[in-house]
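What follows is a single structure, written as structure tokens, with notes after it.
The values are calculated or read from the model by the stated rules, or taken from the named source; none is laboratory data. Note that this is a predicted model, so its numbers are computed, not measured. So basically every Cβ, Gly included, is an ideal-geometry build from the backbone, and we count neighbours across all protein chains shown. Heads up: the accessible areas ignore ligands, DNA and RNA and are worked out on the full protein's heavy atoms, side chains in. Shrake-Rupley method; radii C 1.70, N 1.55, O 1.52, S 1.80 Å.
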Amino acid sequence: DGGLACIAQGVAVTFFDLSSVWWTFLIGYKLYRSIVKQEVELHTFQRTLKMHALVWGSSFVAALLPLTTHNYGDAGAWCWISADSYNQGTGTMWRFAIFYVPIWCVAFATSVHYYAIIRALRGFSSMQHFAGTAQQERLARLARQLQLYPLIFVVSWTMITIVRVYNTIKPHQPLYWLTVLQVLFSPMSMQAVLNTVAYGMGDQVKARWIQLAQDCKAQGSLMPLCCADRGTPLANTVHLQDDDGMDDGDFDKEQMLGSGAINSVGTDEDDEQGADLASTKKDLQEGLLGV
């Protein structure tokens, strides 16, 4: 309705969605530089502050731009940038200029980055030094998981983009079923669900679910689901070891430094099977680079 609450919602949607997109780009770019280009950066407070200023600052400025033309209002399923304000087409311009064009540019750049990363990981896994070891399997598994990053991003933003393109072509002929799909497949919800499925079902998580199912059956109740002992994560049952019996943490990093390859591939299964996307990506970077 164009009220204050509606405007606040529109600004918040633009700000936080764009921030998520820019973080996706930066994470992929950092992994690309670290794994493919073999560049090791020192993570200082100043660099971290610059990244936060860049992401949050650019998103905040972009979110304020439609206010200059009074374009926040009813946008269908929720308040956002309205294409009807003043009937000047400025809403459509803002939608694509500050939102959808950057999103799909990030989708393309992220796909390129991860394609290069996956090729590099597969190259590392084929090295003679890794042949027949748990490290080789871990590298191969990481490569398979990383294939899902750009795919999840593209799938999450496809439906809403289709809806907005249709709104642009036929602004006065809304389709009810398209609005329903827009709500059901909203980008943030899609990313949350797909990330949970893709990265929240690692060996430890699956083992824990099996253990909980057995506890529920043994006790004849669902109480273990809410009162399970968190002190037994079954870590010992899924800890990987090299074929020679050495733990992955004992891998000699100096041997790989001399060959110009990556330093290490992580020492804990939790580093690869984190619950959320952001922590998983950070664990991948730290594990792969040994920093």
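Compute the Cα gyration tensor for segment 148-221, then decide on rounded, prolate or oblate, letting a ≥ b ≥ c be the square roots of its eigenvalues: rounded whenever a/c is under 1.5, prolate when a/b is larger than b/c in the other cases, and oblate in all that remain. Oblate, because a/c is 1.5 or more while a/b does not exceed b/c. Remark: accessible surface ordering of 59, 221 (largest first) is 221, 59, probe radius 1.4 Å. Among the trypsin sites (Lys or Arg not before Pro) within segment 16-118, those in coil by DSSP and having at most 12 neighbouring Cβ atoms inside 10 Å are 37. With R₀ set to 45 Å, the beta-carbon distance separating residue 74 from residue 213 gives a calculated FRET efficiency near 0.45.
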